[in-house]
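Here is the structure we will look at.
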Amino acid sequence: MSTNGKNVIDLENVSKVYGHGESAVHAVDRVSLKLDPGKLFILMGPSGSGKTTLLMLMGCLLKPSSGSVHLFDHEISSMSEQELPAVRLERIGFVFQGFNLFPALTAEENVEATLNLKGYRGEDARRRARDLLDRVDMGKRLTHLPEDLSGGEKQRVALARALAGDPPILLADEPTGMLDSKTGRKIVEILHDLAHREKRLVFMVSHDTRILHLADKTFYMDDGRLNSEHP
Amino acid sequence: MVSIARKNLFHDKIRFFVAIAGIQFSVLLITIQFGVFLRFLTNASVLIDHSGADLWITAKNLQNFDFGRPFSEKKVYLAREVPGVLWAEKYLMAFCYWKTPSGSQESVQVVGFNPQTMVGAPWDIVEGNIEDVKKPMAVFYDQAEADRLGRIPIGGETEINNRRVRVAGITRGAKSFIQAAYIFTSYKNAANLAFFSRGNTVYILAKVTPGYDVEAVKQRLKEVVKDVDVYTTREFSNKTRAYWMINTGAGIALLSVAIMGLFIGTIIVGQTIYASTTEHLKEFGTLKAIGASNRDIYKIIIQQALINSVIGFVLGMLTTYGVAQLMKIGKLEVLLTGPILVGIFLITVLMCLFSSILSIYKVMQIDPALIFKS
Ligand SMILES: Nc1ncnc2c1ncn2[C@@H]1O[C@H](COP(=O)(O)OP(=O)(O)OP(=O)(O)O)[C@@H](O)[C@H]1O
Ligand SMILES: [Mg+2]
């Protein structure tokens, strides 16, 4: 994943408006931001301030109402709905507050199925799935179904899944929201490692001020506006 | 490859069983109704189809085989003169009463054919020698109706229309759609039993000489043998089938139950697949976020539909087999051929695919924000 020190994510004057007229919500309001790899970014802000919407814009799940979103050298807003999945498939790993594991699949299968989607087949996919689970210390829980795992363990499996296919960008929306502070801290430490040791771009939304010292940069959001300083 | 479709399907065990039971039930309904329909259809024209003739000459404006009317037998000689007619034979069919050993009367259809040429003779003899119909008042009956006729053995005697007859043999496969048993005998015997006026026949069966065009010979016969209708065997068979199936509503009744089965199946399967999709919506959304294309996701839904249809079809067929055996005891037979089973399998697959349309629509509408809600 050669990035030549360029900005991996580049937002220029991006806005997202939900609805029309009277009921229109300016969820993201003229946000500009450049993010480079090898760092952990943390986004904070009150509920409803537009954090998830911003994450979806970066993650090519939403197109902006105005402004431009660049991922590497792709301009997202000019892409068709058919092209966006391929960008996500190759470049982005998502981590969710509610884990979003596939409940019918074991830990190993959760990762393997994702690798399958990304073009890895058979024994190769299985081996890679085990390696990824090993990396998050879940090598001993391969055949467990999500319902038989603790919250922290689920999030580790989800992390392994997000790393499937080796995406340069990891986007996490409150990944510690459903975990106790000790378990949550462990997850953030892994994310920090992934940024620093493996030179990925990790962008995470969090409410937890106790982990801020791990961030390379912290952003604050309020009513759709983004600030680099605490408001 | 990890099959998300299969894993999801088998994970929801109860829902899976409901869907399978729904498909199984509708396969059963469709197959049995269709099988009975086909059995009736085949029965309706069984004598025509086994006649060995190419052309049927009948009185004008007949509705079907069973309602034949007499016309002059002299027309046989006219028919034989037409170029391209290899042979032409008289053939008689008349409703009579058969006396059972208990003394009751059963309605039967007495069929008379020429025992010298055997044109229109029974084609599957279980017992007896068909040559025996040349003897006075010797008759064959079909084993399908043996119980109703009183299981009179070969050599046993009874009465048809109060005249003594002797059972000379038993046939197979000649079951009438209208439930009046077929009794086979010589033309002469049949005419006697039915008090049939001399000099008449009910049908003339004709064979076309190889090398002649059946349609052309049919036209010729129409012109030469006047005041009659001429049908190819296929036409007369279809006319008779259409009469019993459509005009009487019997076929429509059977088919409408089959179609109802299809509807019930589609609704049950559609409802379970839809409920399952709704429950797994967040997973589908997550798959999309990971980078699955819409096609990847439709593939999962369609794969689920296919798994459902294969398992449901196999179980449905096993149940159908059991029910068909029970029905046989009750004297109601179903007719199912390979191509029809393939057809029903395809209908099952289509039903399951159709049931998935709503689910695919639902997945198309997923709001990506859904996956970020905890
Ligand atoms: N699909 C939508 N349609 C209309 N309004 C929406 C939609 N999604 C989000 N919003 C609105 O946009 C605003 C920003 O929502 P968003 O989910 O981005 O906030 P958030 O900062 O992630 O909040 P939280 O901390 O509660 O997760 C909110 O006012 C929300 O109600
Ligand atoms: Mg949010």
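So is A:L71 surrounded by 21 or more Cβ atoms within 10 Å (Cβ to Cβ), closer than 30 Å to A:N13 by Cβ and not acidic (D, E) or not?
Considered against the rule, which asks whether it is surrounded by 21 or more Cβ atoms within 10 Å (Cβ to Cβ), closer than 30 Å to A:N13 by Cβ and not acidic (D, E), A:L71 comes out as yes.
If I filter the range B:69-83 down to residues being part of a helix (DSSP H, G or I) and closer than 15 Å to B:T58 by Cβ, which single residue comes out as farthest from the chain's Cα centre (by Cα)? Spell out the reasoning first.
So the first thing to find is which residues in the range B:69-83 are part of a helix (DSSP H, G or I), and the list is B:75-81.
Of the ones still in play, those that are also closer than 15 Å to B:T58 by Cβ are B:75-76, B:78-79.
Numbers: B:K75: 34, B:V76: 33, B:L78: 36, B:A79: 33 Å.
In this case the residue turns out to be B:L78.
Residue-wise test of (1) out of contact with any strand residue (DSSP E or B) (no Cβ under 6 Å at 6 or more places or on another chain); (2) closer than 30 Å to A:T114 by Cα; (3) within 14 Å of chain A (Cβ to nearest Cβ).
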{"position": "B:A19", "(1), (2), (3)": "yes, yes, no"}
{"position": "B:L47", "(1), (2), (3)": "yes, no, no"}
{"position": "B:A53", "(1), (2), (3)": "no, no, no"}
{"position": "B:L62", "(1), (2), (3)": "yes, no, no"}
{"position": "B:E81", "(1), (2), (3)": "yes, no, no"}
{"position": "B:L86", "(1), (2), (3)": "no, no, no"}
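Table: residues versus (1) within 16 Å of ligand 1 (Cβ to nearest atom); (2) surrounded by fewer than 18 Cβ atoms within 10 Å (Cβ to Cβ); (3) among the aliphatic types (A, V, I, L, M); (4) on the phi > 0 side of the Ramachandran plot.
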{"residue": "B:F263", "(1), (2), (3), (4)": "no, yes, no, no"}
{"residue": "B:G270", "(1), (2), (3), (4)": "no, no, no, no"}
{"residue": "B:L315", "(1), (2), (3), (4)": "no, yes, yes, no"}
{"residue": "B:L326", "(1), (2), (3), (4)": "no, yes, yes, no"}
{"residue": "B:K331", "(1), (2), (3), (4)": "no, yes, no, yes"}
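Given the conditions (1) out of contact with any Leu (no Cβ under 7 Å at 6 or more places or on another chain); (2) in a helix (DSSP H, G or I); (3) not hydrophobic (A, V, I, L, M, F, W, C), and given that A:E108 satisfies all but one, which numbered condition is not satisfied?
It fails just one condition, (1).
Looking only at the range A:150-196, which residues are more than 16 Å from A:M138 (Cα to Cα), of a type in the set (G, A, S) and at pLDDT 95 or above?
Scanning the range A:150-196 gives A:A172, A:A195.
Let me confirm something: among B:I347, B:I366, which residue is assigned to a loop (DSSP other than H, G, I, E, B) and either touching a residue at least 60 places away in the same chain (Cβ under 8 Å) or not assigned by TED's automatic domain parsing to the domain that holds B:L287 (or both)? So that I can check it myself, show each step before the final result.
Working: B:I347 fails: assigned to a loop (DSSP other than H, G, I, E, B).
Exactly one of B:I347, B:I366 is assigned to a loop (DSSP other than H, G, I, E, B) and either touching a residue at least 60 places away in the same chain (Cβ under 8 Å) or not assigned by TED's automatic domain parsing to the domain that holds B:L287 (or both), namely B:I366.
Just to check your reading of the model, which residue among B:I30, B:I48 is farther than 22 Å from B:T348 by Cβ, hydrophobic (A, V, I, L, M, F, W, C) and buried (at least 22 other Cβ atoms within 10 Å of the Cβ)? Reasoning before the result, please.
Numbers: B:I30 fails: farther than 22 Å from B:T348 by Cβ.
Just one listed residue meets the conditions, B:I48.
Could you figure out which of (1) away from chain B (no Cβ under 11 Å); (2) modelled with pLDDT under 95; (3) within 20 Å of the chain's Cα centre (by Cα) isn't true of A:G139?
(3)
Looking at B:A146, B:A168, B:A174, B:A190, which is the one that is buried (at least 22 other Cβ atoms within 10 Å of the Cβ) and either among the polar types (S, T, N, Q) or closer than 26 Å to B:M245 by Cα (or both)? Working first, answer last.
On the way: B:A146 fails: buried (at least 22 other Cβ atoms within 10 Å of the Cβ); B:A168 fails: either among the polar types (S, T, N, Q) or closer than 26 Å to B:M245 by Cα (or both); B:A190 fails: either among the polar types (S, T, N, Q) or closer than 26 Å to B:M245 by Cα (or both).
Step by step, each of B:A146, B:A168, B:A174, B:A190 is checked, and only B:A174 is buried (at least 22 other Cβ atoms within 10 Å of the Cβ) and either among the polar types (S, T, N, Q) or closer than 26 Å to B:M245 by Cα (or both).
Any chance you could count how many residues in the range A:94-116 are farther than 28 Å from B:F10 by Cβ and either away from ligand 2 (no atom under 16 Å from the Cβ) or in contact with a His (Cβ under 6 Å, 6 or more places away or on another chain) (or both)?
Of the residues in the range A:94-116, 0 are farther than 28 Å from B:F10 by Cβ and either away from ligand 2 (no atom under 16 Å from the Cβ) or in contact with a His (Cβ under 6 Å, 6 or more places away or on another chain) (or both).
Please work out if B:E157 is within 20 Å of B:Y97 (Cβ to Cβ), touching a residue at least 12 places away in the same chain (Cβ under 8 Å) and acidic (D, E). I'd like the intermediate steps shown before the answer.
Working: within 20 Å of B:Y97 (Cβ to Cβ): yes; touching a residue at least 12 places away in the same chain (Cβ under 8 Å): no; acidic (D, E): yes.
Judged against the criteria, B:E157 is not a match.
Being surrounded by fewer than 16 Cβ atoms within 10 Å (Cβ to Cβ), free of Cβ contacts under 8 Å to residues at least 60 places away in the same chain and within 14 Å of chain B (Cβ to nearest Cβ) is the requirement here; does A:T114 meet it? Break it down stepwise before answering.
Values: surrounded by fewer than 16 Cβ atoms within 10 Å (Cβ to Cβ): no; free of Cβ contacts under 8 Å to residues at least 60 places away in the same chain: yes; within 14 Å of chain B (Cβ to nearest Cβ): yes.
The answer is no for A:T114.
Would you mind stating whether A:S47 is within 13 Å of A:S68 (Cβ to Cβ) and out of contact with any Phe, Trp or Tyr (no Cβ under 8 Å at 6 or more places or on another chain)? Steps first, please.
On the way: within 13 Å of A:S68 (Cβ to Cβ): no; out of contact with any Phe, Trp or Tyr (no Cβ under 8 Å at 6 or more places or on another chain): yes.
So A:S47 does not fit the description; no.
One line per residue, one yes/no per condition, for (1) surrounded by 14 or more Cβ atoms within 10 Å (Cβ to Cβ); (2) out of contact with any Leu (no Cβ under 9 Å at 6 or more places or on another chain); (3) assigned by TED's automatic domain parsing to the domain that holds B:T201; (4) of a type in the set (D, E, K, R):
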residue	(1), (2), (3), (4)
B:D54	yes, no, no, yes
B:A79	yes, no, yes, no
B:K99	yes, yes, yes, yes
B:N129	no, yes, yes, no
B:D132	yes, yes, yes, yes
B:A138	yes, yes, yes, no
B:I154	yes, yes, yes, no
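Taking the condition at pLDDT below 95, out of contact with any helix residue (DSSP H, G or I) (no Cβ under 8 Å at 6 or more places or on another chain) and in a helix (DSSP H, G or I), does B:K222 pass?
Criteria met by B:K222.
Of all residues in the range B:134-152, how many are in a loop (DSSP other than H, G, I, E, B), closer than 24 Å to B:E333 by Cβ and of a type outside the set (D, E, K, R)?
Kept after step one, since they are in a loop (DSSP other than H, G, I, E, B), are these residues of the range B:134-152: B:135-137, B:150-152.
Narrowing the set further to residues that are closer than 24 Å to B:E333 by Cβ leaves B:150-152.
Imposing the further condition that a residue be of a type outside the set (D, E, K, R) reduces the set to B:150, B:152.
The number of residues fulfilling the criteria is 2.
Given the conditions (1) touching a strand residue (DSSP E or B) at 6+ places or on another chain (Cβ under 7 Å); (2) free of Cβ contacts under 8 Å to residues at least 12 places away in the same chain; (3) of a type in the set (S, T, Y), report the number of the one that A:S80 does not fulfil.
Only one criterion in (1) touching a strand residue (DSSP E or B) at 6+ places or on another chain (Cβ under 7 Å); (2) free of Cβ contacts under 8 Å to residues at least 12 places away in the same chain; (3) of a type in the set (S, T, Y) is unmet by A:S80, namely (1).
When you look at A:S66, is it under 15 Å from A:L226 (Cα atoms), free of Cβ contacts under 8 Å to residues at least 60 places away in the same chain and among the hydroxyl-bearing types (S, T, Y), yes or no? Quick ask: steps written out before the conclusion?
On the way: under 15 Å from A:L226 (Cα atoms): no; free of Cβ contacts under 8 Å to residues at least 60 places away in the same chain: yes; among the hydroxyl-bearing types (S, T, Y): yes.
So A:S66 fails the test.
Return a yes/no flag: does the range B:266-273 have any residue that is in contact with a Lys or Arg (Cβ under 8 Å, 6 or more places away or on another chain), assigned to a helix (DSSP H, G or I), closer than 30 Å to A:F96 by Cα and within 14 Å of chain A (Cβ to nearest Cβ). Talk me through it step by step, then tell me what you get.
Our first condition is that a residue be in contact with a Lys or Arg (Cβ under 8 Å, 6 or more places away or on another chain); within the range B:266-273, this holds for B:272.
Still in the list and also assigned to a helix (DSSP H, G or I): B:272.
Filter once more, so that each one left must be closer than 30 Å to A:F96 by Cα: B:272.
Restricting the remaining residues to those that are within 14 Å of chain A (Cβ to nearest Cβ) gives none.
Checking the range B:266-273: not a single residue is in contact with a Lys or Arg (Cβ under 8 Å, 6 or more places away or on another chain), assigned to a helix (DSSP H, G or I), closer than 30 Å to A:F96 by Cα and within 14 Å of chain A (Cβ to nearest Cβ).
Which members of the range B:196-233 meet the condition of being of a type in the set (K, R) and under 18 Å from B:L92 (Cα atoms)? Give the derivation first.
Going through the range B:196-233, the residues of a type in the set (K, R) turn out to be B:198, B:207, B:218, B:220, B:222, B:226.
Hits for the range B:196-233 are B:R198, B:K207.
Being among the β-branched types (V, I, T) and either within 21 Å of A:T114 (Cα to Cα) or within 14 Å of another protein chain (Cβ to nearest Cβ) (or both) is the filter here, so list the residues in the range B:279-310 that pass it. Break it down stepwise before answering.
Taking the range B:279-310 as the starting set, the residues that turn out to be among the β-branched types (V, I, T) are B:286, B:290, B:297, B:300-302, B:307, B:310.
Once the filter is applied, which keeps residues that are among the β-branched types (V, I, T) and either within 21 Å of A:T114 (Cα to Cα) or within 14 Å of another protein chain (Cβ to nearest Cβ) (or both), the range B:279-310 yields B:T286, B:I290, B:I297, B:I300, B:I301, B:I302, B:I307.
The values are calculated or read from the model by the stated rules, or taken from the named source; none is laboratory data. All figures in this text were calculated on a predicted structure; none of them were measured in a lab. With ideal geometry, Cβ positions are generated from the backbone for all residues, glycine too; neighbour counts draw on all protein chains shown.
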